[in-house]
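Working notes, beginning with the structure itself.
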Amino acid sequence: MRAEGGSAAQEAERGAQVASPPEPIIPPPGFEVVWEDPGDEKLFWTMDRMHSPDPVSPLAHTCLGPTFTPGLETANAFYGLPTSRRRSLRINTYVYGWAAPPSLPPADMEAAFVAAKQRLDAVKTRLWEFWEQEVLSEVKELLDRFDAFDLRGSSNDELLRHLDDAVAWMTRLWELHFRTVYPAYVAVAELEEFYSDLFGTDDAFGAHRMVQGLGNMTVETGRALWRLSREAMGSPEVLDAIAEGSSEDVLGRLGETEAGARFASLLDEYVQEFGQRGDKFEIDAVYWTEDPAPVIQGLRNYVALPGECDPSAELERLSRDRERAIEQTRSRLRTYPAAVREQFEESLKAAHAGVVITEDHNFWIDCRGTWRLRRLLLEFGRRLAERGLIDGPRDVFLLERDEMTAAVGRLPEGEDLRGLVRTRLEEMNRYARIRPPSALGTPETQPRSRDNFMARTFGRFFGADVEQGDDGAVRGHPGSPGTAKGTARVINSIEEAGRLKPGDVLVATTTAAPWTPLFATVSAVVTDTGGALSHCAVVAREYGIPAVVGTGTATTVIRDGQIVEVDGDAGVVRVSG
């Protein structure tokens, strides 16, 4: 039967309009896209601004990038999660990803998620043991394999073979990464869901208060730097040496006095333990072990702070608040059935392990694994630079993997690659000045189902789009409770951290783990990306500072130097001057 209100021809016209395919996204001026495969324009490509907001080098994309997807897919198979075909493209120096929806009928899809949930729950009930005894032990073995290879003493052929091994090990590390983060994030997300189901959603942080103050390796990076800053404050010579200048200048001045030399040794120990990380998530960022400038800037910030800003004291306060929140929740549950109380205790135990592992896995796998692969790639660069084919070892990241291996395979002969390197560096610098679109290609006609536990969990990690109002406020997700007012500092790179003063509000696209020491000096954090389970939100809660995450627009709307009020409970940032 045809509905009233129009002729058959009119209905056919409306149906054709509904069924008409969507038009491709038009890129902004200066970001015109040339599709090598015209069919790619018909796919929907999105950008992960939380992990890769900046231009990515050719070598990072062609060497580290291909290790990621196989690791993810193998981890999916481990839990029996529905998988889909995935690809990534480096478009105008930025990385975009495409994933096809799993080709399963709805009933089979639902059954697959039910079975995968059972497998994940089996790991979740013993999450800490799983992490320490099965995952971390293998991670350390893989890192030892990297370390056992003689980078400088190997022949070119041996180095090339080692690269193949290293890529395989890195792929395995990514598999272990996803095997770990799936149950870890699910554990924290499910405690939040359980709490909300019981007590409502008025308190955005009710569940998170019960998992705060547990510490993790990311927070320990800041605590250890604080202890190092107190050592520096005990010596006028050290304070004078670290007061200003480049890291090379500082290290030179430290070597001029006995007290400075002792401190330089402590600084080196710190960098070796905590410095296997760079400014960003990508492998082409300079790591602290190569240039400890971020560490020295962190010391400068910390020595300017009074003793009550000690991150360890804040951790103890959060720990006391955690135990109080747990007891209050248990009190509220006394009249509930025993099964509910048991479920709470099981969920709480898993979430305690999960919230620590969400940061510790980054320290051990993401940072230490990529640091070792970076060292290997820099050895390729050193050999090419030694023959004058490129100007310096770091220029190797402007080559693709096949170009790099072919050049080293031809040594001592070779083609001058410096012109190619300059061209690609200019390209990266040019596109770095353009804000890339969040998506390219052609939008999908059918929305994907988000009605499964994995989608809900990682919706809390990445954060959903937030609609902005017309009152001038910037809205995002509540990331960490509390309110603060201060001067906004829009920071695009940790190299700009010197502009941050105690009490400022850090405004950034995203914050990687190396940014964490900055959290002890700022009054609040605001990011374009992320949700309540993002790195920024988790660490901000551990430092007890307000955070609003996933705004989408903070770095473009808020101007550097403006006075802003950050309401972490409401997820709102107001510009007041």
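The values are calculated or read from the model by the stated rules, or taken from the named source; none is laboratory data. Model, not experiment: these values are computed from the prediction. As a convention, Cβ positions derive from the backbone with ideal geometry for all residues, glycine included, and neighbour counts pool all protein chains shown. Note: areas computed on protein heavy atoms with side chains; ligands, DNA, RNA excluded. Shrake-Rupley method; radii C 1.70, N 1.55, O 1.52, S 1.80 Å.
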Among the helices (runs of 4 or more DSSP H) lying completely within the stretch 328-423, list those that include at least 1 residues that are open to solvent by 30 Å² or more (accessible area, probe 1.4 Å) and farther than 30 Å from residue 189 by Cα.
368-386, 401-410
Hey, residue 501 without any contact (Cβ under 8 Å) to a residue 40 or more places away in the chain and open to solvent by 10 Å² or more (accessible area, probe 1.4 Å) or not:
yes
Suppose the filter is among the polar types (S, T, N, Q) and in a helix (DSSP H, G or I); does residue 83 pass it?
no
Can you name every residue in the stretch 311-327 that is open to solvent by less than 30 Å² (accessible area, probe 1.4 Å), at pLDDT below 95 and of a type in the set (Gly, Ala, Ser)?
312
Only one of (1) open to solvent by 20 Å² or more (accessible area, probe 1.4 Å); (2) in contact (Cβ under 8 Å) with a residue 24 or more places away in the chain fails for residue 183. Which number is that?
(1)
Of (1) among the charged types (D, E, K, R); (2) under 28 Å from residue 512 (Cβ atoms); (3) free of Cβ contacts under 8 Å to residues at least 60 places away in the same chain, residue 202 satisfies every one except (2)
Let me confirm something: among 397, 380, which residue is under 16 Å from residue 283 (Cβ atoms), of a type in the set (A, V, I, L, M, F, W, C) and touching an Asp or Glu at 6+ places or on another chain (Cβ under 6 Å)?
397
Scan the stretch 57-71 for residues that are open to solvent by 20 Å² or more (accessible area, probe 1.4 Å) and either within 20 Å of residue 451 (Cα to Cα) or aliphatic (A, V, I, L, M) (or both) and jot them down.
none
Report, by residue number, each residue of the stretch 263-289 that is surrounded by fewer than 19 Cβ atoms within 10 Å (Cβ to Cβ) and either over 23 Å from residue 240 (Cα atoms) or in contact with a His (Cβ under 8 Å, 6 or more places away or on another chain) (or both).
272, 273, 286
Answer yes or no as to whether residue 154 is outside any helix (DSSP H, G or I), polar (S, T, N, Q) and open to solvent by 70 Å² or more (accessible area, probe 1.4 Å).
no
Just one of the numbered conditions (1) closer than 19 Å to residue 314 by Cβ; (2) open to solvent by less than 10 Å² (accessible area, probe 1.4 Å); (3) modelled with pLDDT of 90 or more is not true of residue 483; which one?
(2)
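Can you go through 223, 253 and tell me which one is farther than 27 Å from residue 358 by Cα, of a type in the set (D, E, K, R) and open to solvent by 40 Å² or more (accessible area, probe 1.4 Å)?
Criteria check complete, one pass: 253.
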Could you pull out the residue among 483, 511 that is of a type in the set (Ser, Thr, Tyr), within 27 Å of residue 190 (Cα to Cα) and free of Cβ contacts under 8 Å to residues at least 40 places away in the same chain?
511
Output yes when any residue across the stretch 520-535 is touching a Cys at 6+ places or on another chain (Cβ under 9 Å), in a helix (DSSP H, G or I) and not polar (S, T, N, Q), and no when none is.
yes
